[in-house]
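Below: the structure, in structure tokens.
The values are calculated or read from the model by the stated rules, or taken from the named source; none is laboratory data. Given the structure is predicted, the values throughout are model-derived calculations rather than measurements. So basically every Cβ, Gly included, is an ideal-geometry build from the backbone, and we count neighbours across all protein chains shown. What goes into the accessible areas is simple: the full protein's heavy atoms, side chains included, and nothing from ligands, DNA or RNA. Shrake-Rupley method; radii C 1.70, N 1.55, O 1.52, S 1.80 Å.
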Amino acid sequence: MNSETAPLTKGFDVVCVFVHDKVDKATLKILNENGVKLIALRCAGFNNVDLENKGNIRIVRVPQYSPYSVAEHAVALLLNITRKLYKSYQRTRKYNFTLDGLLGFDIHGKTVGVIGTGRIGKVFIQIMKGFGTNVIAYDLYKDEKASKEIGFEYVELDELYEKSDIISLHCPLTPETENIINRESIKKMKKGVVLINCSRGKLIDTKSLIKEMETGKIGGVGLDVYEDEEEFFLQDYTNSYKRDNNLSILLSMPNLIITSHQAFFTSEALNKIASDTCKNIQEIFNNGECANELK
Ligand code: NAI
């Protein structure tokens, strides 16, 4: 949904939206004029909603559905990069069974830096601990209990950049985290660092990423999200000439894999999203309140 499609909401009490819907000031103005009472987000992140301009409309979200879906996808991207599975998959399908260019590295014994230790970040850390890694993390709000129980250490961002062989992003997109991975932060990282982003595309400044991949500073990248994904992700442009320059450059890079915002996409997560979205709507209309309301 965006301001162009928003007029279609006339006569409806509830509008159900997802991550790529543009619930900005212009869209919200039309929804308010149409008498929409509730916006039900089928997702956790709400950076696409202009809360300050929501007017009379109430907004609910699904804060958690399956942190395992996203954390496991981050691990899938990581293994794809460290073992070059994307390359061997294409190769063996052509009956090429050589190993040249497929040399990987063990994750075991490496230092993994995790930015954002919420629900997804903590599951990712637990999995990484199972691989026998040393995990360091940064979060605005430290979860000391989890740090002791799972066995990871909180450090400042600069230290995380300096020490990590692998960095995975699990914080939300906020004004503070927008482009948190930029030229300056990449410069502080180890040569050959592997970056994983299953959170939000705008956490990474794509131009800096491309530049630093070209210098050889970054060893591998796994992305489930991209800075300007809205126009392309979840759409099929196979037979179109429409392209995005930076996305095309990224896709031409070796040791980089992009999936199209599919980390959440497991049957367990979809079932929970559907049932919790319905529950949220019922709670607002039947009880007048809902714990998952955004205010
Ligand atoms: P959460 O709210 O449980 O955890 C987020 C953590 O980030 C919190 O601990 C918070 O304190 C921390 N944080 C906030 N600002 C920070 C900052 N400036 N620096 C460092 N840490 C900061 O959220 P959850 O469920 O773990 O989700 C994390 C993110 O994953 C979501 O915000 C969303 O962007 C993304 N996501 C991606 C999906 C996908 O399909 N690719 C699906 C679901 C979520």
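For this structure, a couple of remarks:
Each row is one residue, and each column tells you yes or no for (1) in contact (Cβ under 8 Å) with a residue 40 or more places away in the chain; (2) under 25 Å from residue 59 (Cα atoms); (3) under 20 Å from the mean Cα position of the chain (by Cα).
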position: 226; (1), (2), (3): no, no, yes
position: 232; (1), (2), (3): no, no, yes
position: 245; (1), (2), (3): no, no, no
position: 255; (1), (2), (3): yes, no, yes
position: 268; (1), (2), (3): yes, yes, yes
position: 273; (1), (2), (3): yes, yes, yes
position: 282; (1), (2), (3): no, yes, no
position: 291; (1), (2), (3): no, yes, no
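- The set of residues in the stretch 259-270 that are open to solvent by 40 Å² or more (accessible area, probe 1.4 Å) and either in contact with a strand residue (DSSP E or B) (Cβ under 6 Å, 6 or more places away or on another chain) or in a helix (DSSP H, G or I) (or both) comprises 267, 268, 270.
- The residues on offer are 273, 249, 284, and the sole one that is open to solvent by less than 30 Å² (accessible area, probe 1.4 Å) and more than 13 Å from the ligand (Cβ to nearest atom) is 284.
- Considering residues of the stretch 126-152 that are open to solvent by less than 30 Å² (accessible area, probe 1.4 Å) and under 16 Å from residue 77 (Cβ atoms) only, the residue nearest to the ligand (Cβ to nearest atom): 128
- In the stretch 65-84, the residue that is surrounded by the fewest Cβ atoms within 10 Å (Cβ to Cβ) out of those that are more than 30 Å from residue 103 (Cβ to Cβ) and touching a residue at least 60 places away in the same chain (Cβ under 8 Å) is 68.
- Boolean, residue 167 is in contact (Cβ under 8 Å) with a residue 60 or more places away in the chain, β-branched (Val, Ile, Thr) and surrounded by 13 or more Cβ atoms within 10 Å (Cβ to Cβ): no
- Residues in the stretch 26-50 that are more than 20 Å from residue 288 (Cβ to Cβ) and touching a Leu at 6+ places or on another chain (Cβ under 8 Å): 45, 46, 47, 49, 50.
- Qualifying positions in the stretch 210-250 - outside any loop (DSSP other than H, G, I, E, B) and of a type in the set (Asp, Glu): 212, 214, 229, 230, 231
- Residue 270 vs. criteria hydrophobic (A, V, I, L, M, F, W, C) and in the same structural domain as residue 89 (by TED's automatic domain parsing): no
Conditions (1) at pLDDT 95 or above; (2) in contact with a strand residue (DSSP E or B) (Cβ under 7 Å, 6 or more places away or on another chain); (3) within 21 Å of residue 119 (Cα to Cα), marked per residue:
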{"site": "185", "(1), (2), (3)": "yes, no, no"}
{"site": "192", "(1), (2), (3)": "yes, yes, no"}
{"site": "200", "(1), (2), (3)": "yes, no, yes"}
{"site": "208", "(1), (2), (3)": "yes, no, no"}
{"site": "242", "(1), (2), (3)": "yes, no, no"}
{"site": "253", "(1), (2), (3)": "yes, no, no"}
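- Qualifying positions in the stretch 85-118 - crowded, with 17+ Cβ neighbours inside 10 Å, more than 21 Å from residue 259 (Cα to Cα) and charged (D, E, K, R): 110
- Residue that is surrounded by the most Cβ atoms within 10 Å (Cβ to Cβ), among those in the stretch 186-222 that are of a type in the set (S, T, N, Q) and more than 12 Å from the ligand (Cβ to nearest atom): 206
- Of residues in the stretch 223-238 being among the hydrophobic types (A, V, I, L, M, F, W, C) and open to solvent by less than 20 Å² (accessible area, probe 1.4 Å), the one farthest from residue 173 (Cα to Cα): 233
- The lone exception for residue 241 - which of (1) free of Cβ contacts under 8 Å to residues at least 24 places away in the same chain; (2) open to solvent by 90 Å² or more (accessible area, probe 1.4 Å); (3) within 19 Å of the chain's Cα centre (by Cα) it fails: (3)
- Residues of the stretch 153-185 classified as more than 11 Å from the ligand (Cβ to nearest atom), over 21 Å from the mean Cα position of the chain (by Cα) and either of a type outside the set (D, E, K, R) or not assigned by TED's automatic domain parsing to the domain that holds residue 75 (or both), total: 1
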